[in-house]
Amino acid sequence: MNNTLTIRSHDELIAYVPHLLGFQRIESSMVCLAIGGGPTARLDLPDSPEAMRLFLDQMSDVYLRRHPTRGVALIAFGEDGRACIEALAALGETLVDSDRGPDVGPMLWVNGEEWFDVLDGTSGTVDPATRVRMAAEFALMGRAMPVATREDLAAAMQGDPTAVAEHLPAAEARVLDMDAAALRAEVGWLGTRLDQFRSDREYLSDVDAARVLAVIHDSGARNVAEMRMTRENAPVYSEFWHDLVRRAPDEVRDTPAAMLALSSYLEGNGAQAWVALDQISEPRPPLADLVATALEQAIDPREWERALQPQAAGSLMQQAALRDRTAPERRTHDQDAHNTHGVDGPESSTPGR
Amino acid sequence: MQNTRSRLEKRLAQLLTTTPPLAARPAPGQPRIDVVHLSLADQDRLDMCLRE
């Protein structure tokens, strides 16, 4: 990987943002970039006093409570200059006034290709050549190019399920006939197939895609797939699950979409994770609810990675037990809704739906 | 699909119980926040640029 990215000016910073978010057209949005560690966040601009309160609470949760940071850059995107500048001023004031608040700056209003620095009064235009150079630098780093709009992220998850659907009944019947040993072998095959994809990046045949879709609802099979994901390799597994979401018939699409949400979240791509969750019908699989909660709470995926390590998991469980004795009211909605079982339960659920 | 959690999902649920809830939880239909967590290398690059 060639790390050549450089940002030296406001228009370079503005051209950088679509590559962070994964889509180019950013309208009526506030983007906040942390300096010195912490996430980048995008949120719709508020359109009422009530929406402004929620907007400030959501941003404060991220930058004052969950991820305090040394400084932030604020960029408001939109045609409505008054709405952009009001949101910049309110958010800037909220962050700076807090005891734990970061330094704020630059604060930019971006309307199309024009930008205005609210703090120093300078203005300028994003040079098209800057956007081209930024795209080239991301391409050099092997990154995917942003799609045009957030809606295009959803459109890219729609494909033709016809070919896989032809093989699905036989694949499901095969799994239903499996005894425990055969199911373990099938889960082992899934792990091997995932490892193979990580090395050759060749998408599954229609037969193998149906085979994965027939078994992935099983908790043991999901565990094998989930345990392979790290923050580093998550982009590769996002390709794998994205392809399956595109090719899966509706009745078996929810689980690969939840897996795509997880890999997208782990790679740090919150927008794609939300869009993957939006593909899922109700009631959502338990994994989808977990990812949604992590996204809502802006939990750093590195914390999830740490939870995958046995020692860390033991420590977390001790903390959870202590918390259960002292503050039972802090149980999450997710846990209440799904009646969590013990960690030492059976690894594999009985196949079938 | 079954509503049975995998081992990892149980661990993740435990992690969420140890995370203090945030003040603002948008209701359905209200704007959701897109959060991007940069790699350490990307964060370093951004920090250097914005410091200048």
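Quick note: the coordinates plus some simple rules give every number you see, no bench work behind them. The structure presented is a predicted model; accordingly, all values stated were derived computationally and were not measured. So basically every Cβ, Gly included, is an ideal-geometry build from the backbone, and we count neighbours across all protein chains shown.
To the nearest 0.05, what FRET efficiency results for A:Val207 and A:Ala136 with a Förster distance of 35 Å applied to their C-beta separation?
It comes to 0.35.
Ignore the peptide's own chain and count Cβ atoms of other chains within 10 Å of each Cβ in A:53-61; give me the average, rounded.
4
If neighbour count is taken as other Cβ atoms inside 10 Å, put A:Met178, A:Met134 in order from fewest to most.
A:Met178, A:Met134
What order do you get for A:Phe55, A:Phe138 when you list them from fewest to most C-beta neighbours inside 10 Å?
Fewest-to-most ranking of A:Phe55, A:Phe138: A:Phe138, A:Phe55.
Mind pulling the angle between the C-alpha long axis of helix B:7-17 and the longest principal axis of chain B? Nearest 10 degrees, somewhere in 0 to 90.
It is inclined by approximately 70 degrees.
What does the helix-only formula give at 222 nm for chain B: each DSSP H stretch with n ≥ 4 adding -39500 (n - 2.57), the total divided by the residues, and the result rounded to the nearest 500 deg cm²/dmol?
Helices in chain B give a 222 nm mean residue ellipticity of -13500 deg cm²/dmol.
Could you tell me the ratio Rg/Rh of the range A:10-148? Both radii from Cα atoms, Rh via Kirkwood.
0.96
Of A:Trp189, A:Trp241, A:Trp109, how do they rank once you tally other Cβ atoms within 10 Å and put the fewest first?
The order, fewest Cβ neighbours first, is A:Trp189, A:Trp109, A:Trp241.
Which whole-Hz ³J(HN,Hα) couplings does the range A:100-109 yield from phi under the Karplus relation 6.51 cos²θ - 1.76 cosθ + 1.60, θ = phi - 60°, glycine and proline marked x?
3J(HN,Hα) across the range A:100-109, in whole Hz: 9, x, x, 5, 10, x, x, 10, 10, 9.
Using Cα centres only, tell me the gap between the range B:6-52 and the range A:221-246 in whole Å.
When both Cα centres are located, 19 Å separates them.
How big is the convex hull of the Cα atoms of the range A:138-229, per residue, in Å³?
128
If N is the number of residues in chain B, what value comes out of its Cα radius of gyration divided by 2.2 N^0.38 Å?
1.76
Averaged over A:38-50, how many beta carbons belonging to a partner chain fall within 10 Å of each residue's beta carbon?
What the average comes to for A:38-50 is 3.
Roughly what would the spin-label model give for A:Arg53 and B:Arg25, points 7 Å off Cα along C-beta, in nm?
Calculated label separation equals 1.8 nm.
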